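As structure tokens, the structure follows; a few thoughts come after it.
The values are calculated or read from the model by the stated rules, or taken from the named source; none is laboratory data. Please read all numbers here as calculations on a predicted model, not as lab measurements. Cβ placement follows ideal geometry from the backbone for every residue including glycine, while neighbour counts extend to all protein chains displayed. When the accessible area is computed, the model is the full protein with side chains, heavy atoms only, and any ligands, DNA or RNA have been set aside. Shrake-Rupley method; radii C 1.70, N 1.55, O 1.52, S 1.80 Å.
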Amino acid sequence: MSTALPDTEPQTAAGKVLWHFTMSLDGFIAGPNHSMDWMGGITNGRADIIQEYISTTGAILGGRDGFDAFPDADSTYDGTWQGTVFVLTHHPEDAPPTPQTVFLNCDVAEAVRIGLEAAGGKNLEILSASIGRQLLERGLIDEIDLHIAPVLLGDGIRLFDNPGGSPVKLQLVNGDSPTAEINVRYRPATS
């Protein structure tokens, strides 16, 4: 007898390095040029999920490409989250000054140290595919939290793009078996 896989427990503010994204079913976290218009009309089954991340996130670490596409840190979580957004970049000198944004030009591990310190015991949320991949390679990701959206994008920014690299095995947090695959079932929507 099998049982349905439970939803994840609510996120906790535990000083974690949390790689967190809504992702298309085919593995994209953004469309071409960091487009996010594909998320329009997508809902989550847990009504309080946004508040959950607002209350558990102490700081955010992102990359320069994402910042260039969305430079307004005050719009994070629909403008209701307050905290510091760190942007890791090789060229901070040409970044426009933005309130609540700190530009870092350092090693990715040092950026995590700085971000965790600023998070003050809450989670450091990673909002960058390339930074997340680098941190995963160094063993610096504590948890990956994904929301799978009912859409196939076919192009854009992949969550994990590592051509020629080795597979990274993960353990499922919710459920009785850490190696269980997750079954999702969708059908094409009619307009």
| request: For residue 146, state whether it is surrounded by fewer than 17 Cβ atoms within 10 Å (Cβ to Cβ) and under 12 Å from the mean Cα position of the chain (by Cα). | output: yes
| request: Could you check, for region 129-147, whether at least one of its residues is under 23 Å from residue 14 (Cβ atoms), touching a Gly at 6+ places or on another chain (Cβ under 7 Å) and of a type in the set (A, V, I, L, M, F, W, C)? | output: yes
| note | Subset of region 108-126, residues under 12 Å from the mean Cα position of the chain (by Cα) and either among the charged types (D, E, K, R) or surrounded by fewer than 23 Cβ atoms within 10 Å (Cβ to Cβ) (or both), comes to 125
| remark: Filtering region 73-104 down to residues that are surrounded by 14 or more Cβ atoms within 10 Å (Cβ to Cβ) and small (Gly, Ala, Ser) yields 73, 83, 95
| said: Which residue is nearest to the chain's Cα centre (by Cα), if the candidates are limited to region 178-191 and must be surrounded by 10 or more Cβ atoms within 10 Å (Cβ to Cβ) and of a type in the set (A, V, I, L, M)? | reply: 182
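Each row is one residue, and each column tells you yes or no for (1) open to solvent by 40 Å² or more (accessible area, probe 1.4 Å); (2) part of a helix (DSSP H, G or I); (3) out of contact with any Lys or Arg (no Cβ under 7 Å at 6 or more places or on another chain).
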position	(1), (2), (3)
33	yes, yes, yes
42	yes, no, yes
50	yes, yes, yes
60	no, no, yes
71	yes, no, yes
| request: State whether the residues of region 167-177 include one that is more than 25 Å from residue 11 (Cβ to Cβ) and either surrounded by 14 or more Cβ atoms within 10 Å (Cβ to Cβ) or not hydrophobic (A, V, I, L, M, F, W, C) (or both). | output: yes
| query | Given the residues 119, 47, 59, 95, which is the only one that is touching a residue at least 60 places away in the same chain (Cβ under 8 Å) and either at positive phi or out of contact with any helix residue (DSSP H, G or I) (no Cβ under 7 Å at 6 or more places or on another chain) (or both)? | reply | 119
| task | Check residue 145 against each of (1) at pLDDT 95 or above; (2) under 13 Å from residue 17 (Cβ atoms) and name the one condition it does not meet. | result | (1)
| said: Being surrounded by fewer than 16 Cβ atoms within 10 Å (Cβ to Cβ) and of a type in the set (A, V, I, L, M) is the filter here; which residues of region 149-161 pass it? | reply: 152
| said: Condition first: closer than 19 Å to residue 18 by Cβ, among the aliphatic types (A, V, I, L, M) and touching a residue at least 60 places away in the same chain (Cβ under 8 Å). Now tell me which residues in region 150-171 satisfy that. | reply: 157, 159
